[in-house]
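As structure tokens, the structure follows; a few thoughts come after it.
Computed from the coordinates by the stated procedures, all read-outs in this text should not be read as laboratory data. Computed from a prediction, not measured in an experiment: that's the story for all the values here. Neighbour counts run over all protein chains shown; Cβ positions are idealised from the backbone, glycine included.
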Amino acid sequence: MGRLEGKVGIITGAVRGIGRATAERFSAEGASLVIADIDGDGIEKTAAEIREAGGNVVGQACDVSDAASCEATVKRALDEFGKLNVLMNNAAYFIGKVTVEDVDIAEWRRAIDVNLTGPMLMSKFAIPAMRDAGGGSIIHVASQLGSVGKPMRSDYCSVKGGLIQLARCMAADHVGDNIRVNSLSPGPIGTERIFERSGSEEAAQQESGSLTLMGRVGLPTEIANAALFLASDESSFMTGDDLLVDGGYNAL
Ligand SMILES: NC(=O)c1ccc[n+]([C@@H]2O[C@H](COP(=O)([O-])OP(=O)(O)OC[C@H]3O[C@@H](n4cnc5c(N)ncnc54)[C@H](O)[C@@H]3O)[C@@H](O)[C@H]2O)c1
């Protein structure tokens, strides 16, 4: 306990799934948090539940594809807690399985806006605040599919590969500010979304869990643990790196 004591963080896309699990873990480790999501009612509810468990957390309605919304989210952290040390870009928009030939162009653009431009925008406004705080840690949540291809997933593989590259370039640009930038690449994780997509938890284990060496999907808490490492000073020699947590999905 206390591995993020005194730190202030923002986590996007935190109503449920990996974002929520990470918000719970970070707050249990002493961080004060702004949790942000396009689902404004949902994020207020999640924030209230984490506060009931003792967390110092506020909810913020935010569309990460909108610059003003990202700026307001960073401002909220400064207004509420006076500084910013950690940013986890976790929010994502999913368009489902489709080829480039068949994809709806507006849907493709939305996926790029939310999943790649969103982390850039959040970072753009967070960096000056982190510099003022003497440094910080930015985590882009990518995917094991950022390093390999998959049929019918052109948009997803492209943006996640883009996020791994974004982390490398931002790391180079801001090493002098003591701001570390890494990507975190989960393999298939058992979130509500995955269970809904597959139809049930059992079906998700068969469909996605079977693709890992371990023969199961990961737990959201297993990604939260990795995010905690990247957010904390324990990962002080990591920047521009991709932390793959995929149960061996990409090993072969
Ligand atoms: N679950 C997996 O198997 C898996 C695997 C690899 C990578 N990931 C990545 O982990 C992250 C979380 O995945 P998850 O399964 O928990 O997803 P999820 O759908 O449960 O959570 C995503 C959240 O993002 C929010 N969101 C969507 N658009 C937004 C926007 N424009 N602005 C702000 N918030 C927005 C949603 O409301 C939702 O709460 C994503 O980046 C995803 O690509 C997940």
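Compute the semi-axes of the equivalent ellipsoid of region 12-107, taking the square root of 5 times each eigenvalue of the Cα gyration tensor, and list them largest first in whole Å. It would help to have the intermediate numbers written out before the result.
Working: eigenvalues 150, 47, 24 Å².
After diagonalising the Cα gyration tensor, the semi-axes are 27, 15, 11 Å.
Sequentially through region 112-119, phi angles give Karplus couplings (6.51, -1.76, 1.60; θ = phi - 60°) of 5, 4, 6, 8, 10, 5, x, x Hz, Gly and Pro residues having no value and appearing as x. For residue 179, the amide hydrogen comes within under 5 Å of the amide hydrogens of 136, counting only partners 5 or more places away or on other chains and with H modelled in the peptide plane.
The Cα-based radius of gyration of region 31-77, divided by its Kirkwood radius, gives an Rg/Rh of 0.99.
Using a 10 Å cut-off on Cβ atoms, rank the peptides 175-182, 229-236, 103-110, 197-204 from the highest mean neighbour count down. Before the final figure, lay out the partial values.
Working: 175-182: 19.4, 229-236: 17.5, 103-110: 12.6, 197-204: 14.4.
Answer by packing, highest mean first, reads 175-182, 229-236, 197-204, 103-110.
The HN-Hα couplings worked out from phi for region 76-86 by the Karplus form 6.51 cos²θ - 1.76 cosθ + 1.60 (θ = phi - 60°) are 4, 5, 5, 5, 6, 10, x, 6, 9, 10, 9 Hz, whole numbers, x standing for Gly and Pro. Packing, taken as the mean count of other beta carbons within 10 Å per residue, orders the peptides 138-144, 213-219, 22-28 from highest to lowest as 138-144, 22-28, 213-219. Straight-line cross-link partners of residue 160 among the lysines, defined as a Cα under 18 Å from its Cα and at least 8 positions apart when in the same chain: 97, 150. Most tightly packed first, judged by the mean number of other beta-carbon atoms within 10 Å of their residues, the peptides 84-91, 185-192 read 84-91, 185-192. Shown here is the pair-distance distribution of the chain: with all Cα-Cα distances grouped in 5 Å bins from zero up to the longest one, the shares run 1, 7, 14, 19, 21, 17, 12, 6, 2, 0, 0 percent.
Net charge near residue 37: determine it from the other residues with C-beta under 15 Å of the C-beta of residue 37, scoring Lys and Arg +1 and Asp and Glu -1.
Numbers: positive: 16, 20, 45, 76, 193; negative: 24, 39, 41, 44, 49, 63, 66, 192.
Here the count lands on -3.
Computed from Cα atoms, the angle from the helix 154-174 axis to the main principal axis of the chain rounds to 30 degrees.
Take every pair of alpha-carbon atoms less than 8 Å apart whose residues are at least six positions apart; their mean separation over the length of the chain yields a relative contact order of 19 percent. Rounded to the nearest 0.05, what FRET efficiency do residue 99 and residue 201 give with R0 = 35 Å and r taken as the Cβ-Cβ distance? Could you check? For R0 = 35 Å, the calculated efficiency reads 0.75.
Taking Cα centre as origin and charging only the Cβ of basic (Lys, Arg, +1) and acidic (Asp, Glu, -1) residues, the dipole magnitude of the chain rounds to 400 debye.
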